[in-house]
Amino acid sequence: MIKIFHLTFVLLSITSFVGRIYFAEKRPEMLEQKWIKIGPHIVNSLLLLTGFILVFQGQWLSGEYGWIVAKIIALLGYIGLGMVAIKNQGALRWKAFAGALACFVYIAIVAVSKNAFFFL
Ligand code: HEM
């Protein structure tokens with residue numbers, strides 16, 4: 001059940017991120033709306049919270065947990081690059097956007113494979 005919530009917040013998180021980049025490009029005034037400012041923070045906090053609940057529920061820390069550490073580090077990349085992409089314009093925005101998406105895809109593959117080095 002918690003996993004369904006987790007996956008829902010995963011989808012809401014990436015949708016709200018791509019949506020904010022769209023607004024930043026096409027309709028920057030939309031970013032001033034309160035719900036667009038606060039909503040993603042709530043979604044991302046709940047994504048993190050459900051992730052931690054799953055860690056304890058699945059007793060993942062008592063086994064091989066490198067993939068969880070990798071997920072958290074890549075999550076910092078997703079958040080940091082996401083902030084750079086939203087706050088900047090031009091080439092820097094698109095580089096940061098691509099980096100954030102790469103982090104997101106990496107996190108999703110690590111989640112499914114449970115292997116931080118799945119590409120080796
Ligand atoms: C952008 C961030 C995240 C994405 C895209 C993501 C993606 C996913 C996906 C796709 C699954 C399902 C895997 C499967 O059923 O095989 C999953 C499960 C899980 N995630 Fe996340 N996740 C994110 C953040 C986090 C964080 C921050 C944590 C922990 C601090 C976390 C911990 C877990 C755990 C423990 C599971 C359960 C694994 C299982 O029971 O098979 N996730 N995540």
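Note on segment 89-100: residues that are without any contact (Cβ under 8 Å) to a residue 60 or more places away in the chain and either under 20 Å from residue 12 (Cα atoms) or β-branched (Val, Ile, Thr) (or both) amount to 3. Here 79, 73, 86 are screened, and the one residue that is in contact (Cβ under 8 Å) with a residue 12 or more places away in the chain and either on the phi > 0 side of the Ramachandran plot or open to solvent by 70 Å² or more (accessible area, probe 1.4 Å) (or both) is 79. Would it be correct to say that residue 60 is at pLDDT below 95, more than 11 Å from the chain's Cα centre (by Cα) and either among the hydroxyl-bearing types (Ser, Thr, Tyr) or surrounded by 12 or more Cβ atoms within 10 Å (Cβ to Cβ) (or both)? Here the answer is yes, as residue 60 does meet what is asked.
All conditions in (1) touching a residue at least 12 places away in the same chain (Cβ under 8 Å); (2) more than 15 Å from the ligand (Cβ to nearest atom); (3) open to solvent by 60 Å² or more (accessible area, probe 1.4 Å) hold for residue 28, with the sole exception of (1).
Scanning segment 105-120 for residues that are hydrophobic (A, V, I, L, M, F, W, C) and open to solvent by 40 Å² or more (accessible area, probe 1.4 Å) yields a count of 8.
The values are calculated or read from the model by the stated rules, or taken from the named source; none is laboratory data. These figures come from a predicted structure and were not determined experimentally. All Cβ positions, even for glycine, are placed from backbone atoms using ideal geometry, and neighbour counts span all protein chains on display. Note: areas computed on protein heavy atoms with side chains; ligands, DNA, RNA excluded. Shrake-Rupley method; radii C 1.70, N 1.55, O 1.52, S 1.80 Å.
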